[in-house]
Amino acid sequence: MSVYPGFRDDLLAAVPSLRAFAVSLSKNADRADDLVQEALVKAWDKQNSYQPGTNLKAWLFTILRNEFYSQMRKRKREVEDSDGAITGRLSVHPAQEGSVDLKDFRRALELLPEDQREAIILIGASGFSYEEAAEICDCAVGTIKSRVSRARARLQEILEISGENDFGPDAISTQITNSVFTA
Amino acid sequence: MNYGKTNTRRSADKQGKENDPLGANSEIGRKLRQYYDDLIAEDIPDRFSDLLNQLERKNSADTAGNKD
């Protein structure tokens, strides 16, 4: 028996998010799927430590993240210092009119150190609050905030985005009620 | 006595929204969500539902056997 009826279905429903997070962490689709598999097995084995009604997604993300770092420690030799070493070799085209190609964005994201990358993903894409992200990463809320802010600054620098209010031609203008064009 | 404070609150709200560093006005924020949503939209390999079925079967077999 599962910890509650439908636990299996809820795990399955979380797989797309888990994969997206795993790809963001590991930068490798095959490795990401292995990570998700490990995380699901671990989650199943320790399902009694999950309290029904609490945030299942956050619980699963925590398990997956722990698995990622424990694998990373094991394969330490493979892991390069992503902060700096590769930057010189990478050619990222300058942003055109504030719009950045998605491939360039992905490459820029991969240049971030793990802690910054996971923080900006959890907050900016996975939809977690700073408090939830802090719990997932087992650190203080302020630490998450500063990692997100450093990640953002770094991405801007790599992608040569001059300002945060540079709207590209494809900007979602309907959402922007107050846009002011300063030529 | 009303000192016309309503405007103050309104501008504070507005400021808070515009300061969201990864909000809708942010190029980085938009690209981040686009990157992530593309990943989420990918087809899920069957191995995951197979795995969960397997775990569930193993679990009910354990319970039925009640070896402990």
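Laboratory data are not the source of any read-out in this text; all were calculated from the coordinates shown. Quick caveat, the model's predicted, so the values are computed rather than measured. Note that each Cβ is placed from the backbone with ideal geometry, even for glycine, and that neighbours are counted across all protein chains shown.
Tabulated results
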| quantity | calculated |
| --- | --- |
| Distant-in-sequence amide H partners of A:K27 (H built 1.01 Å from N, under 5 Å) | none |
| For residues of A:59-65, the mean tally of beta carbons on other chains within 10 Å | 0 |
| A:N28 paired with A:T143, simple spin-label distance in nm, labels 7 Å along Cα-to-beta-carbon | 2.6 |
| For A:101-114, mean number of other protein chain Cβ atoms within 10 Å | 2 |
| Of A:K103/B:K58; A:K46/A:K103; A:K57/A:K103, pairs whose Cα-Cα distance is over 31 Å | A:K103/B:K58; A:K46/A:K103 |
| Estimated Rh, the stretch A:1-79: Kirkwood, alpha-carbon pairs, angstrom | 12.9 |
